Amino acid sequence: MQIANRLKRIPPYLFMELRNKINKAKAEGIDVISLAVGDPVEPTPQPVIDALNRSAAEAANHRYPTDEEKGMFAFRRAVADWYSARYNTDLDPEREVLGLIGSKEGCHHFILAVANPGDTVLMTDPGYPAYRASILMAEAEPYNVPITVDNGFLPRLADIPSDVAKRSTAMFLNYPNNPTGAIATPEFFAEVVEFSKTHGIAICHDNPYSEIVFDDTEPLSFLSTPGAIDVGVELNSLSKPFNMTGWRIGMATGNQELISGIAQVKENTDSGVFNAIQYAGIAALSKCQHNIGQMLQIYTRRREKILNTFKEVVPASYAPPKGTFYLWLPTPNEMNSIDFATFIFERAAVVITAGSAYGEFGEGYFRVALTVPDARLEEALDRIRQALG
Ligand SMILES: *Cc1c(COP(=O)(O)O)cnc(C)c1O
């Protein structure tokens, strides 16, 4: 049987060796603690669960979703209202908002809607691996734009070679950034709008961590930038702010033409999100903002514990970025990322992510997630402290 070439181009998981060691240790009954995965352990807020229970009991909701791939109007209006309250935007829920099965799905459908085979699509290195996979599945060509600490992990748009910029049709950006935790500024987003207009590049700003920012940082949407709606879309998700990763609901907002392109792909791919989950999503957006505040307190506490553990090995000059529920830290003594992750695993049975998993410019860093129960995190950090001696 033939498996399509487009799947063969997706890079395999790079660190099989470490993964095999982890699986073997687990099989031997070793108590492995993973700080590798970003997936909140606290439950979804009760009003969301109540809304699902109520809506799931209604037969009308058992049928294909209302307005199918676009998402029901009430959900799109709740998204527009939340965006207006949080980011001071003025979105038209009919034409500038689309329901999604999560922001990951949106990335994939965005590329199918904008890129022809062979087109160049810009993404950052390090960057979220799903962008590369989506670009390759659309038979387009990813081009890595490095992001480094000396520019706050923001790409230097002026350094993108002009022939590359000229032939690019789209660009993925993601701030607060996974894996680096970096946040954008309104000035940077203004440059992105300029760059996009100059070269005719459609922007996909993937913003599922918009609300997860520390130290009194203002949450930021790309769509708050003047002109952004002319050049791009923003993807967002209920997964991260409302502890709803398993529910599979998110949204795309922004440019009408791009939104209808994504809707056309969806129309021919899926039939949207279960109505009952959309009602639950409305409850999250309209009643659960306080939950985000509570989660931020929890993440702040964990963040401090982790920073405290690594303060001896991370240079004092390194200022940890201000967003996401990850910490992105330099390895001690510029150790190779995979060597450091292997060392921590072998000495402490704790799994951290090697920075190089996100691209060559992730080399020299490691990522830890704050989505681990406090007691487990403390146990992991005790073991790491011992391992580091
Ligand atoms: C978690 C994550 C997603 C996926 O979000 P869903 O809405 O659950 O699909 C998308 N992009 C980035 C950068 C993420 O870290």
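Laboratory data are not the source of any read-out in this text; all were calculated from the coordinates shown. Owing to the predicted nature of the structure, the values given are computational and were not obtained by experimental measurement. Cβ coordinates were reconstructed from backbone atoms using ideal geometry, including for glycine residues, and neighbour counts include every protein chain displayed.
Values for this structure:
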quantity	calculated
Answer from 42, 68, 58 - the residue that is surrounded by 11 or more Cβ atoms within 10 Å (Cβ to Cβ) and on the phi > 0 side of the Ramachandran plot	68
Residue that is nearest to the ligand (Cβ to nearest atom), among those in the stretch 163-176 that are within 14 Å of residue 147 (Cβ to Cβ) and touching a Phe, Trp or Tyr at 6+ places or on another chain (Cβ under 7 Å)	174
Helices (runs of 4 or more DSSP H) enclosed by the stretch 34-150 - at least 2 residues per element that are more than 16 Å from the ligand (Cβ to nearest atom)	46-56, 73-87, 103-114
Checklist (1) of a type in the set (S, T, N, Q); (2) under 28 Å from residue 172 (Cα atoms); (3) without any contact (Cβ under 8 Å) to a residue 60 or more places away in the chain applied to residue 88, failing item	(3)
Near pairs, Cβ below 7 angstrom, 6+ apart or cross-chain, from the stretch 34-54 (among the β-branched types (Val, Ile, Thr)) to any residue that is in a loop (DSSP other than H, G, I, E, B) and surrounded by fewer than 14 Cβ atoms within 10 Å (Cβ to Cβ)	41/373
